[in-house]
Each structure stands twice: as C-alpha cells, then as structure tokens.
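None of the figures in this text is laboratory data; all of them are computed from the coordinates on show. Nothing here was measured: the structure is a model prediction, and the numbers come from that model. Ideal geometry is used to build each Cβ from the backbone, glycine not excepted, and the neighbour counts take in all protein chains shown.
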Amino acid sequence: MGKALLRAVACLSLLAVVGLGPARAQSILYYVDLTLGTDQMAAALAALPGSYTVTTATDPTDFATQIALGTFDLGIFFQQNSSGLSYDAAFTALNAFVAGGGAAIATDWTLNNTHTTGLGATYTLNTNETTVTVTDPALATGISNPVDLFNPGWGIFSTGLSGTTAATFASAEGAIVVGNGGRSIVNGFLSDTFLDGPEGVQLYTNEIVSVLATPVVPEPGSLAMLAGGGLAFGVFALRRMRRA
C-alpha cells in the first residue's frame, strides 16, 4: 500500500474515532514562534473536524495567560527560534496546566530541561538527527517508518530525548516522549522539518487525538444511550472530558 493511500485510510479511521466526539468541542491553544519551512502542526490543526476549536496565541506571554485560564483541553507550545523569560513563563504555565489535568504537546530547541521535565522528558544533548522510527501504535497510524527529517535552515532542528519513548532516532535516543499517563508529548524535532509534509501532518494528527482521547470501557447505561443515539459500535472509545 502506498504512503498516500495509507494516510488516507488512517485519516478515515481517525475521523471515525473523532465521530464519537464529545458533547462540546475540544479546545486547543497553539503557539509557534517561527517556522522557516511549512508548519505541519498548523496544517494538522487546520484539517481537524468541527469537534475541535483552535486558538492561536500571539506570543509566549499571551500563551501563558490564556493557558492559565483553564478553558482549554490541549496546549501546544513550540519554541523553535528564540528564548527568554517569556518562554520560561509559558512553559511554567503549560506544566501547571498539565499538572491540573490538561494535555500538552511541546518542542524546545534550547534543550532546557526545566521546560520539559514536568512533561516527562529530558534532553540528551544529541542534536540534528534525521531519521525517526515511530514505535507507539497510537502514534503510528498511517505512518510509514522511518519518518525522514531535513533541516530547512535551523542551527538545531532535532534533539534527542530521554523518557518514555514513542519514537526513536537512529541513535536509539528518544524522538518523541510521552508523559503524564499519555496526556503530554514532547517532540524532538521542529514542526517544519518533515521531508514528507503530509506524513508530518499525519503524525501530529495522531498526537492530538492521542493526548485528548482515552479509550475506556463504557458502563451498560452508557452503551444503551449511545445505541439510542446511533453511535453504537463493537468497541466504544469515549473521549476524556475534564469539564462538563
């Protein structure tokens, strides 16, 4: 099966899961400071169905302020170009958000462990690897390993990670680390470094679905309710809802 067809099938499968949907839209706050190539996370967010709403923060301070409100389900913060106190504050707010039950996806080119330890990842200091093998089945849907990266012009475009690995570089160091029971992901690569752009979109879509949706076994009453609403399947995946 070709890569394009594989991704199409994967997207349909993900949409089937999304179709179970929560009673309200899942809300996502996104910030990336700079891209030199195509931002595949932005592309993934733009392609999400209507059961998601996406807000883009204007800068790290705005991200920190908005994520602290507690009105979002997922915070995505990609530090790809700069550093400073506003970035430290944004990561502090994101870590607090996750500690309070929220979900997060993050990248930090500065290899700052104070930014990511609360998300389950630390940095190995190895950089600029170009081959990623996705090992976590939840993230591998529609992915044809290995995923190839390239450098669109960064000094550091990929970073080795330690933690619970969901993907590895050729060196066997972590390329994706999952933490907080699956609610947080730290990526060891920037959002514009995928040689195959649609594969990057697929991987980020898998990450979004993974951190926001937790499969559970429904109670009998829930099964009856879903069947009445025409949403009965052989196996049910009910989305985690932190707030009514």
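Points worth noting:
- Cα centroid separation - the range 94-154 against the range 177-203, whole Å: 6
- Whole-Hz ³J(HN,Hα) from phi, Karplus 6.51 cos²θ - 1.76 cosθ + 1.60, for the range 45-51, glycine and proline x: 5, 5, 8, 5, x, x, 7
- Distance between the pseudo-spin-label points of LEU36 and THR53 (7 Å out from Cα toward the beta carbon): 3.7 nm.
- Gain on full extension, evaluated as 0.36 nm per residue between ALA172 and SER27 minus their Cα-Cα distance, stands at 48.8 nm.
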